[in-house]
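What follows is one structure encoded as structure tokens, with my remarks underneath.
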Amino acid sequence: ELRRERRAQMSVDEKFDLTVSNTAQKRLKRSQLSDVEKQQQNIKSTELRRERRAQMSVDEKLNLKVSNTAQKRLKRSQLSDVEKQQQNIKSTELRRERRAQMSVDEKLNLKVSNTAQMRLKRSDLSDVQKQQQNIKSNELRRERRAQMSVEEKLNLKVTNTAQMRLKRSDLSDVQKQQQNIKSNELRRERRAQMSVDEKFDLKVSNTAQMRLKRSDLSDVQKQQQNIKSNELRRER
């Protein structure tokens, strides 16, 4: 309580100096520990952090997030390009490890939280900035996808399809119809921008997926699918 009172009366500079001093002291103590003691200290710190976070209000969590992000950006601005690249690789590995240990519910909650944060940030952008962000996101997604194995791509496809079906199940027939029209337009735009090789690869991929799905059908279901496909083809 006394520490909180003293801290509440401090200026921003005094708080910063205190943080620097405390960090230096902790690093000095930690440098004298063995690897096992450091590991035990990490586990204890993580548990304490989770307990404190569990007792926080939504506003306190948001303020903590803002403060932590500001500190990380300040530290990162002092790094060289090589150090930033190494930090990115390490962060990505840690994120994958944490995600691998999560339950399905925890992954879903993280997804919801991240999506909410991105939408909040995006709502403050101009149309031009949103367009630039879209282009950058698409490029990053293509790069990540290019580095994926066939199995990882399939898992991503399954996850995305499951999420879309879940969202779509909450829509009315009119909303579904509007979504279909929009999806078709987007698909046509994307296809119009593809090279001949990309169109061919897409065709091969789609055909393989359809054959895989069709192999699980009974003869009656295949017959019904044939009739429906023929009708759709005639309409088109």
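The values are calculated or read from the model by the stated rules, or taken from the named source; none is laboratory data. All figures in this text were calculated on a predicted structure; none of them were measured in a lab. No Cβ is skipped: glycine too gets one built from the backbone with ideal geometry, and neighbour counts run over all protein chains shown. Just the protein is used for accessible areas: all its heavy atoms, side chains included, with ligands, DNA and RNA removed. Shrake-Rupley method; radii C 1.70, N 1.55, O 1.52, S 1.80 Å.
Assorted remarks:
- Residue list for the range 177-192, given a label point 7 angstrom along the Cα-to-Cβ vector of R168 and an amide N cut-off under 19 Å: 177-191
- Carbon plus sulfur fraction of accessible area for the range 1-120, probe 1.4 Å, in percent: 51 percent
- Shape class of the range 81-129 from the Cα gyration tensor (axes a ≥ b ≥ c, square roots of the eigenvalues): oblate, since a/c reaches 1.5 or more and a/b does not exceed b/c.
- Pair R141, D17: separation of 7 Å Cα→Cβ label points (nm): 5.0 nm
- Each stretch of four or more DSSP H residues adds -39500 (n - 2.57); spread over every residue of the chain, this sum gives -29000 deg cm²/dmol at 222 nm.
- 0 to 90° range, to nearest 10: angle between helix 58-77 axis and the chain longest Cα axis: 80 degrees
- Of the residues S123, I135, Q32, the one whose Cα sits farthest towards the positive end of the charge dipole of the chain is I135 (charges of +1 on Lys and Arg Cβ, -1 on Asp and Glu Cβ, taken about the Cα centre).
- Mean-square fluctuations from a GNM of the chain, with a 10 angstrom spring cutoff on Cα atoms, peak among Q41, Q78, Q87 at Q41.
- Principal-axis tilt of helix 127-146 within the chain, Cα atoms, nearest 10 degrees: 80 degrees
- With a Förster radius of 25 Å applied to the C-beta separation of M118 and S67, the computed FRET efficiency comes to 0.80.
- Residue-count net charge about K176 - beta-carbon cut-off 12 Å; Lys, Arg +1, Asp, Glu -1: +2
- Taking all C-alpha pairs of the range 20-78, those more than 17 Å from each other amount to 59 percent.
- Across all C-alpha atoms in the range 1-126, the radius of gyration and Dmax reach 17.7, 51 Å.
- Overall, the anisotropy analysis places the range 80-163 in the rounded class: the square-rooted eigenvalues a ≥ b ≥ c of its C-alpha gyration tensor yield a/c less than 1.5.
- With Cα atoms, 0 to 90° folded angle of helix 35-54 axis to the chain main axis: 70 degrees
- Counting only Cβ charges, +1 for Lys and Arg and -1 for Asp and Glu, the dipole size of the range 88-236 around its Cα centre is about 140 debye.
- When the alpha carbon gyration tensor of the chain is reduced to an equivalent ellipsoid, its three semi-axes come out at 49, 22, 20 angstrom, largest first.
- With a simple spin-label model that places each label point 7 Å from the Cα along the Cα-to-Cβ direction, the separation between M148 and D219 comes to 3.8 nm.
- A full extension of the chain between V36 and L110 corresponds to an added length of 23.6 nm, given 0.36 nm per residue minus the alpha carbon distance.
- Filter on K15/K65; K90/K157; K107/K157; K182/K222; K153/K203 - keep pairs with C-alpha separation over 19 Å: K90/K157; K182/K222
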